[in-house]
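Notes follow the structure.
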Amino acid sequence: MGARHVASFVCQNCGATYGRWQGKCDACGEWNTITAESTDLRGPGRMPRKGRLFALQPLGGDTRQAPRLSSGLDEFDRVIGGGFVRGSALLLGGDPGIGKSTLLIEAAAALARAGHRAIYISGEEAVAQVRLRAERLNLSKAPVELAAETSVEDILATLSEGATPRLVVIDSIQTMWTDTVDSAPGTVTQVRGASQALIRFAKRSGATVILVGHVTKDGQIAGPRVVEHMVDAVLSFEGEGWHQFRILRAVKNRFGPTDEIGVFEMTGAGLRQVTNPSELFLSDRDLGVPGTAVFAGIEGTRPLLVEIQALVAPSVLGTPRRAVVGWDQNRLSMILAVLEAHCGVRLGTHDVYLNVAGGLRIQDPACDLAAAAALVSSLANAPLPPDAVYFGEVSLSGGVRPVPQGAARLKEAAKLGFARAVVPEAGREQAGDAPLALNAVGALTSLVADIAARGTPTTRLGQNRLARQDG
C-alpha cells in the first residue's frame, strides 16, 4: 500500500496542530490562522528504509574550538561570539524595514572582499532590486554572487557546484518551498521542510547559512518554533523605524554568549557600526530637566550608559495611565508599589510615563534605581545632578541591592565625564578605586528624601508628599 494523504490543521502563527478546523488557536490566541495542510503517511504494508551504520566516537578527543571566520563587521562578530563557525546555521528576525537585508548584504560584501565565496539568494526581490540597494550602499563592486530563487532543490543543486561557499544568505525563509512537502509556500510545513534541507546542507558542506525570518506583531519570528531549535543561533534585529539606532541581539547562540548586543546606526549610506554607544545615546541629553537620570548598565560584557526619562503628571482618569517604552512593564509596577509602600510617594492619582532614550530595550535589573530617581525627580520637579549616574536593584522591602560589574560601570561613566555615582551601599567595596565620588544608598527612602530636598518652591505639594519619610 502506498502513501496516503491525511489532512491536519496547523496554526500559521505558532505551528500548533489540530485534528479539525477551529477559528481560534488555543496555543497563541490568534484568530483565523489555522489552515488545512496535507501530510504523507506511509501505509501499513510499506517497509521502512533500512538504516545505515555510522561510527560512534569516544567522549574524549580533540576539544579545540571550531575555527571562526570574521564577518568583517565587528559589532556582528561581537554578537555571534567572534565570527561565523563553519557549518553553522543562523536565523535572523526583525520587523519589516528594520534593515535585515542591509545588514546581511554588508556582511556578505565584507566576506567577499576578503577573498571568500559569499552568495546572497533573495526570494522576495528581483536581482535588479538587490543591485539597486548594493549601489546605494557602495557595494556594487564587491564580488558577491547573487540570485533570485525560491526552490530549495534548485538552490541546493546550484550551491553544490564549484567551490563550497563560506556564507549563504537566504532572504527570506518564508518564501522558500521544497518539493518534498505538499503544501503552499509560507505555510508552517513548508518553512519547516525548507529550513531542514538548508540546515542539512550547512552541516554537510561546512558553509554558514543565514536564514532571514519574518516576525509577528508581537515580535516573535513567524512560523514553527521548531525552526529556532534547529538552528545554531537566533538573532534579533531591533529598533524603531523612525529612530536611527538598531540593536542586534542574540536570543540563542550555541557557540557564544546570548547577552551581547551590537549597536548600529542607520544612515543614508547604510548601517554604520557604533563602537561607543554610550556617547551616542547621551549625545542629545537634556541637562537640568526634571525626570531624567543616566543609568550605567551592562549589556553582555559591554558597559552602556543610557538616559532614563520619566514623566509624572496629575491624571483626570479614574484609572491613571502607566506607559513604558524600552523597559519591563512589570518592573515599573513594582517600583511604583515600593515608592508608595515604603517611601510615602503617592502616585495613585498620577499618570506615569517611562522611556529609555535611543530606542534601547533594557533588561538589566540594575536600572531600578535610575528609574526610581527619574520618577521622583519628575514628581518633585527636582532636576538631578547632570554629572551623576545611577545603578542598583531595588527589593520589595525598599532596600537597594548590589549588582555585578560595578567597577566596569563606574569606569565607563568616568570616561564620559561623569563625576559622581549613586550606588548600592552593600556593593560599594566592589567598586574598588572608583574615579568618581560615590553616594552609597542602602534604602530607597534616603534617595527619595535627597531628591525631594531639591524640589522647587512651585511643587511644595509634591515635596510634602515626598518628605514624609524625613520626619
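The values are calculated or read from the model by the stated rules, or taken from the named source; none is laboratory data. From a predicted model like this one, the values you see are computed outputs, not experimental measurements. As a convention, Cβ positions derive from the backbone with ideal geometry for all residues, glycine included, and neighbour counts pool all protein chains shown.
Here is how the numbers come out for the structure above:
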| quantity | calculated |
| --- | --- |
| Residue check, Gly270 in contact (Cβ under 8 Å) with a residue 60 or more places away in the chain, surrounded by fewer than 22 Cβ atoms within 10 Å (Cβ to Cβ) and not assigned by TED's automatic domain parsing to the domain that holds Asn355 | yes |
| Within the stretch 290-315, tally of residues that are surrounded by fewer than 19 Cβ atoms within 10 Å (Cβ to Cβ) and touching a strand residue (DSSP E or B) at 6+ places or on another chain (Cβ under 9 Å) | 6 |
| Among (1) at pLDDT 85 or above; (2) surrounded by 15 or more Cβ atoms within 10 Å (Cβ to Cβ), the one test that Cys14 misses | (1) |
| Sole exception among (1) under 24 Å from Glu260 (Cβ atoms); (2) crowded, with 21+ Cβ neighbours inside 10 Å for Val181, by number | (1) |
| Long-range neighbours under 7 Å by Cβ, at least six apart or interchain, first residue on the phi > 0 side of the Ramachandran plot within the stretch 397-408, second in a helix (DSSP H, G or I) and surrounded by 17 or more Cβ atoms within 10 Å (Cβ to Cβ) | Gly398/Val338; Gly398/His342; Gly398/Cys343; Gly398/Leu444; Gly398/Thr445 |
| Single residue of the stretch 447-461 satisfying the filter (among the hydrophobic types (A, V, I, L, M, F, W, C) and surrounded by fewer than 17 Cβ atoms within 10 Å (Cβ to Cβ)) that is modelled with the lowest pLDDT | Leu461 |
| Every residue from the stretch 255-313 that is outside any strand (DSSP E or B) and among the charged types (D, E, K, R) | Asp259, Glu260, Glu279, Asp284, Arg285, Asp286 |
| Failed condition for Gln57, given (1) at pLDDT 85 or above; (2) part of a loop (DSSP other than H, G, I, E, B); (3) more than 19 Å from the chain's Cα centre (by Cα) | (1) |
| Residues satisfying the stated conditions in the stretch 346-355, i.e. surrounded by fewer than 22 Cβ atoms within 10 Å (Cβ to Cβ) and out of contact with any helix residue (DSSP H, G or I) (no Cβ under 6 Å at 6 or more places or on another chain) | Gly348, Thr349, His350, Asp351, Tyr353, Asn355 |
| Which listed residue is of a type outside the set (Lys, Arg) and farther than 29 Å from Thr17 by Cα, from Ala163, Ala184, Ala202, Ala194 | Ala163 |
| Contacts under 6 angstrom Cβ, first residue in the stretch 324-351 being on the phi > 0 side of the Ramachandran plot, partner at pLDDT 95 or above, 6 or more apart | none |
| Complete set of residues in the stretch 78-95 that are on the phi < 0 side of the Ramachandran plot and more than 15 Å from the chain's Cα centre (by Cα) | Phe84, Val85, Arg86, Ser88, Ala89 |
| Given (1) touching a residue at least 24 places away in the same chain (Cβ under 8 Å); (2) not in a strand (DSSP E or B), index of the condition Gly318 fails | (1) |
| Unique match (being of a type outside the set (Val, Ile, Thr), surrounded by fewer than 24 Cβ atoms within 10 Å (Cβ to Cβ), within 19 Å of Ala296 (Cβ to Cβ) and in contact with a strand residue (DSSP E or B) (Cβ under 6 Å, 6 or more places away or on another chain)) among Pro365, Pro404, Pro383 | Pro365 |
| Residue in the stretch 338-352 that is farther than 21 Å from Ala449 by Cβ, hydrophobic (A, V, I, L, M, F, W, C), modelled with pLDDT of 95 or more and not in a loop (DSSP other than H, G, I, E, B) present | no |
| Residues satisfying the stated conditions in the stretch 275-323, i.e. farther than 21 Å from Ala388 by Cα and under 17 Å from the mean Cα position of the chain (by Cα) | Gly300, Thr301 |
| Single residue of the stretch 407-446 satisfying the filter (within 31 Å of the chain's Cα centre (by Cα) and part of a strand (DSSP E or B)) that is surrounded by the fewest Cβ atoms within 10 Å (Cβ to Cβ) | Arg420 |
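Rundown of residues vs (1) within 23 Å of Gly206 (Cα to Cα); (2) in contact (Cβ under 8 Å) with a residue 24 or more places away in the chain, yes/no style:
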| residue | (1), (2) |
| --- | --- |
| Gly99 | no, yes |
| Thr102 | no, yes |
| Ile105 | yes, yes |
| Arg113 | yes, yes |
| Ser122 | yes, yes |
| Val127 | no, no |
| Leu139 | no, yes |
| Ala142 | yes, yes |
